[in-house]
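Peer 1: One structure, pasted below without further comment.
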Amino acid sequence: MSLLEITDLTVGFDTEDGTVHAVKGVSFGVERGEILALCGESGCGKSVTAMAVPRLLPSATTRLSGSIKLDGRELTVLPEAEMRRIRGKEVAVVFQEPMTSLNPSFTVGYQITEVLRRHERLSARAARARAVELLELVGIPAPHRRVGEYPHQLSGGMCQRVMIAIAVACSPQLLIADEPTTALDVTIQAGVLDVFRDLRDRLGTAIILITHDLGVVADIADRAVVMYAGRAVEQAPVEELFARPRHPYSLGLMRALPAAAVVGPDGRRRLTEIPGMVPSPLSDPQECAFHPRCPSAQADCTASRPPLERHGDAHLAACFHPGGHP
């Protein structure tokens, strides 16, 4: 049994314009100790899918259906009090913007010890000692000094590492990292990815990595789920995805990588972009959502949604037209 099993997950939000369906029938699993990447353009539903797991979406306006099982337990029906015990203890989140996620009024040490005292019931002294160990674990130099500093005294990379320290303080089974390397330079980015590898190897933590950076996916992930317009359009081991992308959208993402740049008439190397925009989540077309942007689209793409979008990985080839693959 997988550690996390998501089945037919659909998430909608009530708005003045009607219900916005951000996630539509997504299914995938995460094994213990696996690093799974959710990738795709902004607005494809990656973060909403991940935030549905610890139920961090606004309950008053969210319409959620489907199944989310963690180690066999159905999370969608648990009382809120039980979910509070799970968040931080069994499922932890590294949010996208550490400078806005950390409280500027408290030291980083206090913010780490708060988690430890709530979930592990440690004394103040034991929690502070553990906070120093966690800062050292995530690669922050001089942890005994940094534990007493405030977020504004740390660099962006260090704040990101503090967020990771908070997330792994209670050795969670599942860690969700939402764009953890955004706005970091390549050196700091490499260090953060090394921290994730180390956590997986030391603690056996499963990681869901949300990213639009395929370089990060290639570097660290074991398996990837490609999302488009709220749907999981392709799932594959990373090596297979990069060697042989089977969905036209996945292929378009690969062609947009710097390594795949083509030489134009002027002799300059140019990236190949995917034309157009991700469709509005207010729309729910019966045809393939990608067909307006797909260079391999055919007339029957507008007739009905391809089997791929209805049934997932078992029918991947159904949406791949002759001549679409390089």
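Peer 1: Tell me whether the stretch 17-40 contains one or more residues that are among the charged types (D, E, K, R) and in contact with a Cys (Cβ under 9 Å, 6 or more places away or on another chain).
Peer 2: For the stretch 17-40, residues among the charged types (D, E, K, R) and in contact with a Cys (Cβ under 9 Å, 6 or more places away or on another chain): absent.
Peer 1: While we're here: Go through (1) in a helix (DSSP H, G or I); (2) modelled with pLDDT under 90 one by one and return the number of the condition Thr182 breaks.
Peer 2: With (1) in a helix (DSSP H, G or I); (2) modelled with pLDDT under 90 applied to Thr182, the lone miss is (1).
Peer 1: A follow-up question, please. Examine the stretch 12-34 for a residue that is within 30 Å of Gln153 (Cα to Cα), in contact with a Pro (Cβ under 9 Å, 6 or more places away or on another chain) and not polar (S, T, N, Q), and state whether such a residue exists.
Peer 2: No, the stretch 12-34 has no match at all.
Peer 1: Further, regarding this structure: Quick one: count up the residues across the stretch 54-81 that are among the hydrophobic types (A, V, I, L, M, F, W, C) and touching a helix residue (DSSP H, G or I) at 6+ places or on another chain (Cβ under 8 Å). Write out each step before concluding.
Peer 2: Applying the first criterion (among the hydrophobic types (A, V, I, L, M, F, W, C)) to the stretch 54-81 yields 56-57, 60, 64, 68, 70, 75, 77-78, 81.
Narrowing the set further to residues that are touching a helix residue (DSSP H, G or I) at 6+ places or on another chain (Cβ under 8 Å) leaves 57, 64, 68, 70, 75, 78.
Selection size over the stretch 54-81: 6.
Peer 1: List every residue pair whose Cβ atoms lie under 8 Å apart, where the two residues are 6 or more positions apart in sequence or sit on different chains, the first residue falls within the stretch 70-84 and is of a type in the set (Phe, Trp, Tyr), and the second residue, located anywhere, is modelled with pLDDT of 95 or more and part of a helix (DSSP H, G or I).
Peer 2: Final answer for the pair search is none.
Peer 1: Select the helices (runs of 4 or more DSSP H) contained entirely in the stretch 70-122, then report the ones holding at least 1 residues which are touching a Lys or Arg at 6+ places or on another chain (Cβ under 8 Å).
Peer 2: 80-86, 108-119
Peer 1: Based on what the data block shows, is Gly204 among the small types (Gly, Ala, Ser), touching a Gly at 6+ places or on another chain (Cβ under 6 Å), surrounded by fewer than 17 Cβ atoms within 10 Å (Cβ to Cβ) and in contact (Cβ under 8 Å) with a residue 24 or more places away in the chain?
Peer 2: Yes.
Peer 1: For the stretch 150-157, check the following and say yes or no: at least one residue is hydrophobic (A, V, I, L, M, F, W, C) and either closer than 26 Å to Glu41 by Cβ or in contact with a helix residue (DSSP H, G or I) (Cβ under 6 Å, 6 or more places away or on another chain) (or both).
Peer 2: No: the stretch 150-157 contains no residue that is hydrophobic (A, V, I, L, M, F, W, C) and either closer than 26 Å to Glu41 by Cβ or in contact with a helix residue (DSSP H, G or I) (Cβ under 6 Å, 6 or more places away or on another chain) (or both).
Listed here are the residues, each with its yes/no results for (1) modelled with pLDDT under 95; (2) surrounded by 19 or more Cβ atoms within 10 Å (Cβ to Cβ); (3) over 25 Å from Leu241 (Cα atoms); (4) not β-branched (Val, Ile, Thr).
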site: Glu5; (1), (2), (3), (4): no, no, no, yes
site: Glu16; (1), (2), (3), (4): yes, no, yes, yes
site: Lys24; (1), (2), (3), (4): yes, yes, no, yes
site: Arg32; (1), (2), (3), (4): yes, no, no, yes
site: Ile35; (1), (2), (3), (4): no, yes, no, no
site: Ala60; (1), (2), (3), (4): yes, no, yes, yes
site: Glu74; (1), (2), (3), (4): no, no, yes, yes
site: Arg85; (1), (2), (3), (4): yes, no, yes, yes
site: Gly88; (1), (2), (3), (4): yes, yes, yes, yes
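Peer 1: Just the residues that are within 20 Å of Cys44 (Cβ to Cβ) and of a type in the set (Asp, Glu), please, taken from the stretch 182-230.
Peer 2: Asp213 - this is the single residue of the stretch 182-230 that is within 20 Å of Cys44 (Cβ to Cβ) and of a type in the set (Asp, Glu).
Peer 1: Quick one: which residue in Arg269, Arg255, Arg310 is at pLDDT 80 or above and exposed (fewer than 15 other Cβ atoms within 10 Å of the Cβ)? Steps first, answer last, please.
Peer 2: On the way: Arg255 fails: exposed (fewer than 15 other Cβ atoms within 10 Å of the Cβ); Arg310 fails: at pLDDT 80 or above.
One residue alone meets the criteria, Arg269.
Peer 1: Now a separate question. Taking the options Arg146, Arg197, Arg161, name whichever one is surrounded by fewer than 17 Cβ atoms within 10 Å (Cβ to Cβ) and among the basic types (Lys, Arg). Reasoning before the result, please.
Peer 2: Details: Arg146 fails: surrounded by fewer than 17 Cβ atoms within 10 Å (Cβ to Cβ); Arg161 fails: surrounded by fewer than 17 Cβ atoms within 10 Å (Cβ to Cβ).
Only one candidate passes the filter, namely Arg197.
The values are calculated or read from the model by the stated rules, or taken from the named source; none is laboratory data. What you see is a predicted model, and the numbers here were worked out from it, not measured in a lab. Heads up, the Cβs are rebuilt from the backbone with ideal geometry, glycines too, and the neighbour counts pull from every protein chain shown.
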